[in-house]
Each structure stands twice: as structure tokens, then as C-alpha cells.
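The values are calculated or read from the model by the stated rules, or taken from the named source; none is laboratory data. These numbers come from a predicted model, not from an experiment. Every residue, glycine as well, gets a Cβ built from its backbone with ideal geometry; the counts of neighbours run over all protein chains shown. Areas reflect the complete protein model, heavy atoms only, side chains present, ligands, DNA and RNA absent. Shrake-Rupley method; radii C 1.70, N 1.55, O 1.52, S 1.80 Å.
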Amino acid sequence: MSSQNIYILGIESSCDDTAAAIIHNGKILSNVIASQKIHEEYGGVVPELASRAHQQNIVPVVDQALKKAGITKDQLHAIAFTRGPGLMGSLLVGTSFAKSLAYGLNVPLIDVNHMQAHILAHFIDEEGFNKPTFPFLAMTISGGHTQIVEVKNYFDMTVIGETIDDAVGEAYDKSGKILGLGYPAGPEIDKRAQEGNPKAFKFSKPKVDGLNFSFSGLKTAILYFIQREVKANPNFIEENLNDVCASIQYTIIGILIDKLKQASKQTGIKQIAIGGGVSANSGIRKALKDGEQKFGWTTYVPKFEFTTDNAGMIAIVGYLKYLEGYSVEQSVTASARLKI
């Protein structure tokens, strides 16, 4: 199949962002995201509210993506959508819309695994960003996921380590909640960590076999630590906030980098790519750069707009699958627990 002039629409609706993107031969022409502010009041995503907001957002978001890309829907070669994993109600909105549109335009329908998309976001044509070469290790870190994946080619991936309880993003959010910070807390902790002393307070790292992660124990340790200190000094948090944030961040990054080191040693792979919302964290980016010096790694971090949930990453997977002649039937259904 020639790749002269292929336009793919990507649709992402796995959590609380409704997103649509147009890709043209591997280059993103538009990447539109409607974020849902309503969840901030609840300190977390409310599934029922999320799916309702997707229903309101999806038509305008797709319309805007087409307009920004400067094409009409009749120029599309295929529709790619997130099939899972994610919140069922949210996924259903994107899936139903993609199916109807593909049916109406009589073009192929392509289902995409959200976790694979985070990894394959590295293959979007973007100036100044190199693409990893196979095989590489991908670490996907976000509010809902923490995984290390061995990637042999675009569609041959094996999860070699994952969290057995909370995701790394949850560890940030719950820690932030304990400290009275807003939601999501990751960016705020990162910002304050840069002003604090990472060695001010010591939190022990959980002992987990193999390449798996655990963050629930750390979260509990932070809670008890804060309760104890506040009892002794009611102003403890405001007097030590930057140092506490720096110490929490230092511990979390230590956990992630330790497992990456282990995975690299075990597999002999020194190409490391990260993705997912938490990869925007400055401390993690710095730790990866240090890894290049210390362990001879080559590291890859996608452009910021392709790290959090977005449709650009769905569109690139759609494009790669389209080149292989892949599509699915209209009977395809969303899957909340889809595995890589």
C-alpha cells in the first residue's frame, strides 16, 4: 500500500479528555483536546460526569481537528479510536462515534490500545525529536498506569513489569491531597520539589520482586509521616512544604529509575523511551539524562503534547496499522481492561 497521501482521524476518549487529531503520512496536522474541569472539584475523575462531557465535546472536537488540519471528512482514509483500557462510559462514546463515522464515510475502522499508543507516540514525525530504534524499553507512567514494556517492533510488545497496586500518578495525587495541594498534584509537587531539599526526609522504597512496582505502601508511609509531624508542629506542612515535595519526588523517581536499571540489565537493552502524563515531570527527565551518562542509555521523551492523553498518539497507531492493511469490523466493542 503506498503511503503518498494518507489522512487518518484519531479519536481518544479513555478518561476525562475528549481528543481528536488528524495525521498526514506520520505528521500531525491538528491535535485538539477538550479537558474536563469539573473533576477538579471532586479531586479525581468521576466516571459518570466524564462520559456525559465526552458526549457534549466529541462533535465539536472532531470538527475543530478537521478545520485546523485544513481538510474535509471526505478526505479521510480511516478512523482510529481508543478501544481501551480506560473508563467504560468514556470509551463507549469514542467507540460509538468512530464506528458511525467510519460507517458513514465507508472507510476502514481501526481500534487502538491506549497503552500501545503512549509508546508509539515516539514515532510521530516531529522536528527535533528522534525515534527510538528496536528493540527498546518503554516506561509508561501516568495517573492510571505504571508499566515497563519490551518493544521488539511496532506491534510486538511485552509487559515485563507493572504496578501491583497504585499507579505512579496516583501516588503523586494522593500525596498532594495529604499536603493540601490541588488536583492533579503532580505538576505542583514537581514545581515545589525544585525549591526543596530531596534528602530532607527519608521515605523507604517498597520491596517488590522482579520488575514490578508498588506505590500504596509509600502513600501510607507519607500519610503517617505527615500526621505524626503535624501533631508535633501544626505548621509543619507550610514550614516544610518544598522539602517534603522534594523528598517525595526523590523517592518516587528513585523507585522508577531502579526498576529501569534492572530492566536494562536484564534485557541488555539500552534504548529507553518514556511516555504518559508523568513523563512531563522535570525530575524524571533529569534522572533519564543522568542515566545516559551513568549507564550508557539513549533516552527518548516525546514532545510534551504527546505525553498526556491525546489523539495524536491514537492517530499515529492508526496510520501504522493502516499501512499494514489492518482494520476491524463494525461489531468491535470497547474494552475497559484491554491488555497490551
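Entry for the range 116-268 at q = 0.13, 0.15 Å⁻¹: log10 I(q)/I(0) = -0.66, -0.83, Debye formula applied to identical alpha-carbon scatterers, no solvent contribution.
In sequence order, the range 235-246 has phi-based couplings of 9, 3, 4, 5, 6, 10, 3, 5, 5, 5, 4, 5 Hz under the Karplus curve 6.51 cos²θ - 1.76 cosθ + 1.60, θ = phi - 60°, and Gly or Pro positions carry x. Pairwise Cα distances in the range 163-202 exceed 11 Å in 65 percent of cases. Angle of helix 282-295 to the longest C-alpha principal axis of the chain, folded into 0 to 90 degrees and rounded to 10: 90°. Kirkwood analysis of the Cα pair distances in the range 40-195 returns a hydrodynamic radius of 18.3 Å. The length gained on full extension between PHE134 and LYS207, counted as 0.36 nm times the residue separation minus their Cα-Cα distance, comes to 23.2 nm.
Pairs from the list LYS265/LYS303; LYS99/LYS177; LYS152/LYS303; LYS99/LYS339; LYS152/LYS289 with a Cα-Cα gap above 32 Å: LYS99/LYS177. Along its principal axes, the range 255-340 has C-alpha extents of 50, 28, 26 angstrom, given from the largest down. Computed over the range 167-252, the P(r) tail beyond 15 angstrom holds 55 percent of alpha carbon pairs. For the range 133-234, the set of chymotrypsin sites (Phe, Trp or Tyr not before Pro) satisfying both a DSSP loop assignment and a count of at most 15 other C-beta atoms within 10 Å is given as PHE155.
Quickly estimate the mean residue ellipticity at 222 nm for the chain, helices only: each DSSP H run with n ≥ 4 gives -39500 (n - 2.57), and the total goes over all residues, rounded to 500.
That comes out to -14000 deg cm²/dmol.
For the chain, the antiparallel share of DSSP beta bridges with both residues in that region comes to about 60%.
A simple charge model with +1 on the Cβ of Lys and Arg, -1 on the Cβ of Asp and Glu and nothing else charged puts the dipole of the chain at about 640 debye relative to its Cα centre.
Just to be sure I follow the definition: excluding the sites themselves, where is the longest run in the chain that has none of the GluC sites (Glu not before Pro) in a DSSP loop with at most 12 other Cβ atoms within 10 Å? Between the exposed loop sites, the longest stretch runs 196-323.
Taking all protein chains as shown and a probe of 1.4 angstrom, ASP74 keeps an accessible surface of around 120 Å². At the residue level, ASP63 shows approximately 70 square angstrom of accessible surface with a 1.4 angstrom probe and all protein chains present. Across the range 211-227, coupling constants 3J(HN,Hα) worked out from phi with the 6.51/-1.76/1.60 Karplus curve, θ = phi - 60°, read 9, 7, 10, 8, 10, 5, x, 4, 4, 5, 4, 5, 4, 5, 4, 5, 4 Hz, and Gly and Pro carry x.
Tell me, rounded to the nearest percent, the portion of alpha carbon pairs in the range 196-340 spaced more than 27 Å apart.
Pairs farther apart than 27 Å: 42 percent.
Calculated on the alpha-carbon coordinates, the convex hull of the chain measures out at 131 cubic angstrom per residue. Within the assembled protein chains, the solvent-accessible surface assigned to MET88 is about 80 Å², based on a 1.4 Å probe. Summary: within the chain, the longest segment free of trypsin sites (Lys or Arg not before Pro) located in DSSP loops with at most 12 other C-beta atoms within 10 Å is 1-198.
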